[in-house]
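Below: one structure, written as structure tokens.
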Amino acid sequence: MVVEEKDVGIDCYATACVTHADGFTGVMRHRFTDFRVNEIGLDGQEARITTHKVPAPIFTPPEEVRYESVSDVCRAYGEIYPENGDDAERLRVFLEAAGGDRGGGGDGDGDGDGGRDRVGPLEVTLAVCGDKGKRTRVHGLFKNCPFLGVRLDSKSGGSDGDHKVVVSVGSGRGKNGDGKGANNKRKRDDRNQRWSGGKTKYVRFVMEKVNVDTNNAISSVASMLRIDQKLFGRGGLKDKRAVTAQFVTVPHVEPERLVQLRKGLTKMLVRLGNFEYAKDQITSGDLKGNRFEIVLRGVTMPATLGGDANGASGGAEANADMVRKAVERTRANGFINYYGLQRFGTGVVPTHVTGEHLLRGQWKEAVDSVLTPTIAPKEDVRRALEGYLEDRDAAKAWKLLKRARGVNNELAVLEHLSKSKETAEDYAGAMDALNTQAKRFYVQAYYSMVWNSVVSERIRRHGASTVLVGDLVIRRDEVKRESAMGKRKRQDREMQEQRERDRGGECEDRPDRVGGEDRRKGQASSVSRLGDPHVVSEEDLEEGRYTIDDVVLPLPGKSVLYPENETKALYDEYNARAASDHTVKSFMATSFPGDYRYMIYRPEDLVCKLYRYKTDDEELPSFEDIEDTQDGEGEGEGKLALVLKFSLPPSSYATMCIREITRMPTDVGFAKSQKV
């Protein structure tokens, strides 16, 4: 089935007195450039590429010296410690035995055996002083001796007043200086010494992409750099069918290397720019919000309301004044902060259905929902998945699917089922084989449907502007005051608390919590980036201390408070519906802490312009380049486009804002019925 708005609880509007008769339609994403998203960082900076220049280095590494003979190394050592003549002689004997002085009489065997056939000392101890700078220079001597044909290891030893450096021939085996681990450590040390960012660990840059998934874009960059994709940090995932820009971090990659990727990435419609050194890595959720610029083409009234066919939906062209009033109404009254349809996937089986199966312990149904082909799968994927659902042969399906792309969840499930006869029907184990992100995604999709459904019912009963006794509220002005540094400190504190709990101890500043409550204070723990909610009292209502903008509803979980009014009964109903006594921890309701989400959001910076265009595929000017004279007033040639610009906080959906403005559904079926 194709998921529709009503299937996931999207069923109301913030301004109830306005009907579909006051709405209009338009085609969204006719071109990828019709949907632009720019991330807003925690510092309030908007992600835009304005330069490709490499930042000035914070640290310039010293010029590397490469020695050509034993004599060169001994001479350099003598310059550091001229008083240690005996050590210099022992060092000469050691080096000649270790690899040979190819530039001065040695004959290293060059067989790569790590010096096993050489005669002479394979270790030498050098007396050094307490000066760390000098010791570092001594260690550096033995990193740049390619003429030896062997690897040298050096390490500091001794104690106060008796410092020494021990130099030995690496064996190529073992750990901590004797093999692959040592090689990797040396590579890391060398890389860090050459890093131009100084004490900063990361380079931050803007990644712009067109019709590319965020993870695929980062994967392409990682592949070209020959590094692990997991090293990259980003605040969130951006729409694929759009032009998006976001901040990304990666550790110890020189900006010059990123600039050099420009030609190859351009073919993939990915651009990188605005490089700068950064102290902290960007992690999931590290963003203040997103800035949108969206074009609706062929703006018309619904066919049932207006005259002759003359536009996208078969209705008359929408009145410019009506469109502007709709935008102003949404700016003033806001929109319901629903989870949009993107949250629930585009597959035949919506993700919230899979999530409910998992919570209820319906393992076979969950497996079948994941392995049901999407609406338009590739032929090899369709054949493999349909084959499994018919004959339950997981091994055959896995072999057919293992080279396909974009089916990681399906592969993980099939791989577990195909391990043995014992696992062929271990459906719980198959779902638990998914990565952590995927497991949480399915369950959170169900809870998102619950949130949507509860907020719709509350609005049907009490409207979208009334605060009730027992509502949960978090003042917006208090949330806005939380700085990026404040968030970082809170995250560090929470990580420390988690480590304490993992060790079985208690945190000094916060007692154990049961059912999401603090035993001392009787208040909910801070499970949300928004903070802890307050329960509205009669006095609060009489004093008018809170508005609908402050009302939050919980995303179900073990650590959240629920409203202390009739709304709680709605949650009880949905929680009971998904209740189960299964013991698979990943899918137990008690494994999810929950969160809070504002019920209404007002896009205070929402602005619009109307523009007339002549050809369907014409690329429209940016919002700033549209002049007032092109705003579409009165009669004119060409079709009418509405250009919107606004910003939203993290996890709020632009499609839900547009739904409020236009009064039209966001279903895939409805969108396909629209033509430019």
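The values are calculated or read from the model by the stated rules, or taken from the named source; none is laboratory data. This one's a predicted model, so the numbers in the text were calculated from it and none came from an experiment. FYI the Cβ positions are ideal-geometry reconstructions off the backbone, even for glycines, and counts take in every protein chain you see. The area values use the complete protein model at the heavy-atom level, side chains included, leaving out ligands, DNA and RNA. Shrake-Rupley method; radii C 1.70, N 1.55, O 1.52, S 1.80 Å.
Quick notes on this structure:
- Within the stretch 284-297, considering residues that are outside any loop (DSSP other than H, G, I, E, B) and within 22 Å of the chain's Cα centre (by Cα), the one surrounded by the most Cβ atoms within 10 Å (Cβ to Cβ): N290
- Residue check for D213: among the charged types (D, E, K, R) and at pLDDT below 85: no
- Of all residues in the stretch 355-369, those that are over 14 Å from L434 (Cα atoms) have Cβ atoms under 8 Å from Cβ atoms of residues that are small (G, A, S) and surrounded by 19 or more Cβ atoms within 10 Å (Cβ to Cβ), 6 or more apart or on another chain, in E356/A578; H357/A366; H357/S369; L359/A578; R360/A578; G361/A428.
- Counting only residues that are farther than 26 Å from S586 by Cβ and basic (K, R), the stretch 316-374 holds 4 of them.
- Applying the set (1) under 20 Å from K396 (Cβ atoms); (2) in contact (Cβ under 8 Å) with a residue 60 or more places away in the chain; (3) not aromatic (F, W, Y) to E410 leaves exactly one unmet item: (2).
- The number of residues in the stretch 396-431 being open to solvent by less than 60 Å² (accessible area, probe 1.4 Å) and either among the acidic types (D, E) or in contact with a strand residue (DSSP E or B) (Cβ under 8 Å, 6 or more places away or on another chain) (or both) comes to 2.
- Selection from the stretch 253-277 of residues that are of a type in the set (F, W, Y) and touching a Ser or Thr at 6+ places or on another chain (Cβ under 6 Å): Y277
Conditions (1) in a helix (DSSP H, G or I); (2) open to solvent by 20 Å² or more (accessible area, probe 1.4 Å); (3) modelled with pLDDT under 75, marked per residue:
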| site | (1), (2), (3) |
| --- | --- |
| V299 | no, no, no |
| L305 | no, yes, yes |
| A312 | no, no, yes |
| G315 | no, no, yes |
| R324 | yes, yes, no |
| R329 | yes, yes, no |
| A332 | yes, yes, no |
| T354 | yes, no, no |
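- Any hit, the stretch 219-232, residues being assigned to a loop (DSSP other than H, G, I, E, B), of a type outside the set (D, E, K, R), closer than 22 Å to Q342 by Cβ and open to solvent by 30 Å² or more (accessible area, probe 1.4 Å): no
- Within the stretch 529-539, the set of residues being without any contact (Cβ under 8 Å) to a residue 12 or more places away in the chain and either within 38 Å of the chain's Cα centre (by Cα) or crowded, with 16+ Cβ neighbours inside 10 Å (or both) is empty.
- Here R118 meets the list (1) more than 23 Å from S69 (Cβ to Cβ); (2) surrounded by 11 or more Cβ atoms within 10 Å (Cβ to Cβ); (3) modelled with pLDDT under 55 almost entirely, failing just condition (1).
- Any hit, the stretch 17-39, residues being modelled with pLDDT under 85 and touching a Gly at 6+ places or on another chain (Cβ under 9 Å): no
- Among the numbered conditions (1) crowded, with 16+ Cβ neighbours inside 10 Å; (2) outside any loop (DSSP other than H, G, I, E, B); (3) more than 13 Å from the chain's Cα centre (by Cα), the only one that T200 does not meet is (2).
- Residue match in the stretch 494-514 (condition: open to solvent by less than 40 Å² (accessible area, probe 1.4 Å) and at pLDDT 50 or above): yes
- Filter result for the condition that a residue is among the aliphatic types (A, V, I, L, M) and free of Cβ contacts under 8 Å to residues at least 24 places away in the same chain, over A395, A424, A428: A395
- Of all residues in the stretch 205-244 being closer than 25 Å to F35 by Cβ and among the charged types (D, E, K, R), the one that is farthest from the chain's Cα centre (by Cα): R241
- Summed over the stretch 245-283, residues that are over 22 Å from T33 (Cβ atoms), open to solvent by 10 Å² or more (accessible area, probe 1.4 Å) and in a loop (DSSP other than H, G, I, E, B) total 9.
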